[in-house]
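The values are calculated or read from the model by the stated rules, or taken from the named source; none is laboratory data. These numbers were taken from a predicted model, which means no experiment stands behind them. Neighbour counts run over all protein chains shown; Cβ positions are idealised from the backbone, glycine included. Remember, those area values only see protein heavy atoms, side chains included, never the ligands or the DNA or RNA. Shrake-Rupley method; radii C 1.70, N 1.55, O 1.52, S 1.80 Å.
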Amino acid sequence: VKRTYEYKDKFLGGKITLVNEPKFNEPYATYWKTPKQHMDAFREKGWEAVVAHQTRNVPHTGHEWLMKGAWFAANEDLMVDKLRTGVLVNCIIGEKRKGDYIDEAILLAHDMLRKAGYFRDDVHMVTFTLWDMRYAGPREAIFHAALRANLGCTHHMYGRDHAGVGDYYGTYDAHYLLKQVKDKLKIKPVFVLEWWYCPVCAEVTCSALCGHSKEKQKFSGTLIRSIIMDGVKPTRLIFRPEVFDTVMECADKYGFGSPFVTDKYLADRNPIFNLEHMDVGKA
Ligand SMILES: [Zn+2]
């Protein structure tokens, strides 16, 4: 809100011309796609339905199951003998706050779910969008719908407290607003409940299905963070070991020893892209 008020009476709109494409640095370059490149990639994979997953986190198995559940929803009545539905993990890469996961870990950890086989090559893809989160909850959820429709996605998953901050919005406010405007959206929202690990079910399950409310173990951000801080490999039912190793490698390689954003990271991180070759004078 503060940022938007600071625009004062300046707000630009209209046709956009890309003067000079930025040159992305690794590991980002591997995951950068324009909207047209997204659509070409979906066509190449033979996907008729693509469900978008919005993220700024490294994935624990709760996220993994959220994506799996949304895959089933997006697959709907498509035949399953030839896979025609994909999950697009579209990471939000932009302004960072201290304590956020570092961007490199978000991208590489999600891609590790595919590399390590938790998702097949032909149903899963990781890309990113450059965007500074506004934490505008339900309204940002609608923006995300427009954004992913522009990438060629047919479905968009929405979990609990989408783009929320603290307890400012109701847990499922975004779902209610999306439901009201769904005829105007160019993408179909898929509403997903909270997933947790249940020791009685001995699996990751969902608040709508598991009745062991006393035994459930929620994937709270704080719990996952403390697991990562300790550096002790958690059970693979909560955090995939390959994903955990990737997060730790990213901490070493990109995070100055931490998988979370620090002052040092903010000051000295590898830039996402360079505009050094840009000659504005010529444009
Ligand atoms: Zn259970």
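Counting lysine pairs in segment 205-269 whose alpha carbons fall under 28 angstrom apart, excluding pairs fewer than 8 residues apart on the same chain, gives 6.
Its alpha carbons give segment 1-54 an Rg and a Dmax of 16.8, 46 Å. Taking all protein chains into account, the per residue accessible area for the chain stands at 55 Å² (1.4 Å probe). Semi-axis lengths, largest first, of the ellipsoid equivalent to segment 144-283 are 32, 28, 13 Å, with √(5λ) applied to each eigenvalue of the Cα gyration tensor.
The overall shape of segment 18-158 is rounded: from the C-alpha gyration tensor, with semi-axes ordered a ≥ b ≥ c, the ratio a/c is less than 1.5.
Taking the 1.4 Å solvent-accessible surface of the chain as the whole, the part contributed by carbon and sulfur is 54%.
Of the chymotrypsin sites (Phe, Trp or Tyr not before Pro) found in segment 100-140, those in coil by DSSP whose Cβ has at most 16 other Cβ atoms within 10 Å are Y135.
In plain terms, if you count all Cα to Cα distances in segment 81-144 and split them into 5 Å steps from zero, the share in each step is 4, 15, 21, 20, 18, 13, 6, 2, 1, 0 percent.
Segment Q37..L275, full-extension length gain: 83.6 nm, with 0.36 nm per residue of separation and the alpha-carbon distance subtracted. Converting phi to 3J(HN,Hα) with the Karplus coefficients 6.51, -1.76 and 1.60 and the offset θ = phi - 60°, segment 19-30 yields 6, 8, 5, x, 9, 7, 8, 6, x, 5, 3, 4 Hz in sequence order, with x at every glycine or proline.
Residues whose amide H lies under 5 Å from that of F219, counting only those 5 or more places away or on a different chain, are Y197; hydrogens are built 1.01 Å from N in the peptide plane.
In straight Cα distance, which lysines are under 30 Å from K184, not counting same-chain residues fewer than 8 positions off? Cα-Cα hits under 30 Å: K2, K8, K10, K15, K33, K36, K45, K68.
Could you work out the percent of alpha carbon pairs in segment 1-94 separated by over 18 Å, rounded to a whole number?
Values: 2822 of 4371 pairs.
So the pairs more than 18 Å apart make up 65 percent of the total in segment 1-94.
The phi-based Karplus calculation (6.51 cos²θ - 1.76 cosθ + 1.60; θ = phi - 60°) puts the 3J(HN,Hα) values of segment 35-48 at x, 5, 5, 4, 4, 4, 5, 5, 4, 4, 7, x, 7, 9 Hz, whole numbers, x for Gly and Pro.
In segment 137-283, what percentage of the DSSP-assigned beta bridges are antiparallel, given to the nearest 5?
Working: 6 of 10 bridges.
Here the antiparallel bridges make up roughly 60 percent for segment 137-283.
Under 5 Å from the amide H of F128 lie the amide H atoms of K33, C91, each residue being 5 or more positions distant or on a separate chain, with H modelled from the backbone and absent for Pro and chain starts. Our analysis of segment 173-230 gives Rg over Rh at 1.14, with the two radii drawn from alpha carbon positions and Rh computed by the Kirkwood formula. Look at the alpha carbon pairs under 8 Å that are at least 6 residues apart: their mean separation over the length of the chain gives a relative contact order of 23 percent.
Shape analysis of the chain yields a ratio of the Cα radius of gyration to the Kirkwood radius, Rg/Rh, of 0.96.
How long are the semi-axes of the equivalent ellipsoid of segment 32-75, defined as square roots of 5 times the Cα gyration tensor eigenvalues? Whole Å, largest first. Intermediate values should be presented prior to the final figure.
On the way: eigenvalues 95, 44, 10 Å².
Each semi-axis is √(5λ); the values are 22, 15, 7 Å.
Translational diffusion coefficient of segment 102-214 (Stokes-Einstein, Kirkwood radius from Cα pairs, 25 °C, 0.890 mPa s): 152 µm²/s. Taken about its Cα centre, the chain carries a charge dipole of about 620 debye when Lys and Arg each add +1 at the Cβ and Asp and Glu each add -1 at the Cβ.
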